[in-house]
Amino acid sequence: MAFDHESITREVEERFGTFIRERINPTAAHRDQTYSTFDHAMLREMGRLGLIGFTAPASIGGQGRTWQEWGHALEEIGYLADDSGLPMLLAYRETANNLVHYSGMNGRPHLLERYARPAVRGEAYIGWLYTEEKDVLELDTKVVARGGRYILDGCKTASTGGMSCTSWIVYARTEDGGDSMVFVVERDDPGVTVTPLRTLGLRSIGLASLTFEGVELTEDRIVAPHDGLSHGQIFVNERRITGASWLLGRMRSLIERVIEDTKPKVRFGRRLADFDTFKASIGRMHIALERARASTYRMLERVESQRRDRDYVHEELVPIAKYLATESALEVADIAQRLSGGHGYFEPYGIERYLRDFYGLVPIIGGQPAIETQVGDHVIWRHDRRLNARRNTEPKGP
Amino acid sequence: MIVVVSGNLRRYTSFEQEVRLDATSLEGALEALVARYPGLRPVLYDGDGKLRSVHRLFLNGELLDVGHGDRALAPTDELGILTAIAGG
């Protein structure tokens, strides 16, 4: 049975519509122009409304909804919100909060009360810090055990929401380099420096880089005592699922905006909206949207069937859906620029912001070139394995 | 027998895609592989010595369930290791 998207549309409108229209949208352009993020009062309001904790278990105050429902809800939030940073940040935080819950349920129960519950209420803000300017399998950030404490040193390239985070899940290699550990680092810990990171788009997510200099951590800050790589993979996998769903809503909103923006325009004595070339351009935008939607919905359905085992790490549709949503969004934004003339290019009209924001998806959640390369590698690998298997089972000639 | 590794792992096998090994079991093949390329061990296995979930094993093109370590291998068998698409 097809997923009932309409019921999610109604729910998002009823629960979050007023907040998004009255609290998010009027200040969206200001956040973009000043690189400012959502303040803690606004984040607490999101927690109270249920914009945070949508998929978190009821045991820590969450709503226990499915990834499929959350993916569809993010599309609608993306449609209503005139700030791409909102659904982007919500999708990210949801995954980080669930990772803390997962860690709490796997041998670190004190993390539930101290971090997971406040985060789901919207009263604490957890970031995830793995990435460095290195291959995914290598880390320079180092932790050294000294007299019952752990000393953390290193740098992390970028933290989504870092400017508003109250704590981070941080990955570091051990002294001998043979393993990696995971810790919670709090913003007020001595030796933590948070530096704002200016970006082309998605400015309201409050991106920041972090430096750790001799940060002393106690035993109770350990999230995973070893094998940080596998721990980090849980976050990465789940982040990919809904990381790009909201682009569908943003594309819908942009298409509608271009149509409305064009209505009063007259060129060569005719309404611009009556030109066949205009209609064809809107058609191309909609086709790009539907291409992304088909892939994203199919992926969400597939992931939901594997949710119990968290066994979607090998689900190739997940990075492919992210790839297609991003490319489609860029195509829609590019056409919007060309159709809108000066209105598209001038900042006050807000159309150029879509293009800048959509570029934010190119390097993250699996960079676009990396997805292309790895999908291609897998296709060739599977082709060769099938070919070799056939050769091995064919009867040998005389 | 031969072990075939996918893209992400090749940097740990000196960029060799196919590695010929003398092994008669699945477990023996993986052990011989990490003995030849020690840098591969922490990438393939977690701290408890279990194969990380990001890797899948294929024997002659067929996906293997975990827990088949003692499975016998013939000299012509091909063991494939496919790693999930990476990047966060």
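Matching residues to (1) at positive phi; (2) free of Cβ contacts under 8 Å to residues at least 40 places away in the same chain:
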position	(1), (2)
B:GLY7	no, no
B:TYR12	no, yes
B:GLU18	no, yes
B:GLY61	yes, yes
B:GLY69	no, no
B:ALA72	no, no
B:THR76	no, no
B:GLY80	no, no
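Residues of segment A:210-225 being touching a Lys or Arg at 6+ places or on another chain (Cβ under 7 Å), closer than 22 Å to A:GLY104 by Cβ and not aliphatic (A, V, I, L, M), which ones? Listed by number, the list holds a single entry, A:THR218. Whether any residue in segment A:243-263 is under 29 Å from the mean Cα position of the chain (by Cα) and within 14 Å of chain B (Cβ to nearest Cβ) is what I want to check. For segment A:243-263, residues under 29 Å from the mean Cα position of the chain (by Cα) and within 14 Å of chain B (Cβ to nearest Cβ): present.
When A:ILE365 is tested against (1) farther than 30 Å from B:ASP77 by Cβ; (2) within 14 Å of chain B (Cβ to nearest Cβ); (3) in a helix (DSSP H, G or I), exactly one condition is not met: (3). In segment A:41-141, counting only helices (runs of 4 or more DSSP H) that sit wholly within it, none holds 3 or more residues that are in contact (Cβ under 8 Å) with a residue 12 or more places away in the chain, surrounded by fewer than 22 Cβ atoms within 10 Å (Cβ to Cβ) and charged (D, E, K, R).
Inspection of segment A:292-300 identifies no residue that is more than 21 Å from A:GLU238 (Cα to Cα) and aromatic (Phe, Trp, Tyr). Among the conditions (1) assigned to a loop (DSSP other than H, G, I, E, B); (2) among the charged types (D, E, K, R); (3) in contact (Cβ under 8 Å) with a residue 60 or more places away in the chain; (4) open to solvent by less than 60 Å² (accessible area, probe 1.4 Å), the only one that A:ASP220 does not satisfy is (1). Please determine whether any residue of segment A:204-217 is more than 12 Å from A:LEU129 (Cβ to Cβ) and part of a helix (DSSP H, G or I). Yes: segment A:204-217 contains one or more residues that are more than 12 Å from A:LEU129 (Cβ to Cβ) and part of a helix (DSSP H, G or I). Is there a residue in segment A:157-177 that is touching a helix residue (DSSP H, G or I) at 6+ places or on another chain (Cβ under 7 Å), on the phi > 0 side of the Ramachandran plot, among the small types (Gly, Ala, Ser) and assigned to a loop (DSSP other than H, G, I, E, B)? Yes; the residues of segment A:157-177 include at least one that is touching a helix residue (DSSP H, G or I) at 6+ places or on another chain (Cβ under 7 Å), on the phi > 0 side of the Ramachandran plot, among the small types (Gly, Ala, Ser) and assigned to a loop (DSSP other than H, G, I, E, B). In the set A:TYR349, A:TYR323, only one residue is touching a His at 6+ places or on another chain (Cβ under 7 Å) and open to solvent by 30 Å² or more (accessible area, probe 1.4 Å); that residue is A:TYR349. Do the conditions hold for A:ILE169, that is, is it aliphatic (A, V, I, L, M), closer than 30 Å to A:ARG146 by Cα and within 14 Å of chain B (Cβ to nearest Cβ)? Yes.
Every test in (1) more than 27 Å from A:GLU352 (Cβ to Cβ); (2) open to solvent by less than 40 Å² (accessible area, probe 1.4 Å); (3) outside any loop (DSSP other than H, G, I, E, B) is passed by A:ILE24 save one, and that test is (1).
Do we have any residue at all in segment A:234-248 that's open to solvent by 10 Å² or more (accessible area, probe 1.4 Å), part of a helix (DSSP H, G or I), farther than 22 Å from A:MET299 by Cβ and not assigned by TED's automatic domain parsing to the domain that holds A:TYR115? Looking through segment A:234-248, none of the residues is open to solvent by 10 Å² or more (accessible area, probe 1.4 Å), part of a helix (DSSP H, G or I), farther than 22 Å from A:MET299 by Cβ and not assigned by TED's automatic domain parsing to the domain that holds A:TYR115. Quick one: is A:GLY283 surrounded by fewer than 18 Cβ atoms within 10 Å (Cβ to Cβ) and either touching a His at 6+ places or on another chain (Cβ under 6 Å) or not assigned by TED's automatic domain parsing to the domain that holds A:THR199 (or both)? Taking the combined requirement at face value, the residue satisfies it. A single entry from A:GLY177, A:GLY148 fulfils the requirement of being within 11 Å of chain B (Cβ to nearest Cβ), open to solvent by 20 Å² or more (accessible area, probe 1.4 Å) and more than 21 Å from A:VAL100 (Cβ to Cβ): A:GLY177.
A count restricted to segment A:69-86 and to residues that are charged (D, E, K, R) and within 18 Å of A:ALA321 (Cβ to Cβ) stands at 3. Every condition in (1) surrounded by 19 or more Cβ atoms within 10 Å (Cβ to Cβ); (2) touching a residue at least 60 places away in the same chain (Cβ under 8 Å); (3) within 17 Å of the chain's Cα centre (by Cα) holds for A:TYR359 except the one numbered (1).
The values are calculated or read from the model by the stated rules, or taken from the named source; none is laboratory data. All values derive from a computational prediction rather than experimental measurement. Methodologically, a virtual Cβ is constructed for each residue, glycine included, from the backbone with ideal geometry; neighbour enumeration extends over all protein chains shown. Ligands, DNA and RNA are stripped out before the accessible areas are found, and what is left, the full protein with its side chains, is counted by its heavy atoms. Shrake-Rupley method; radii C 1.70, N 1.55, O 1.52, S 1.80 Å.
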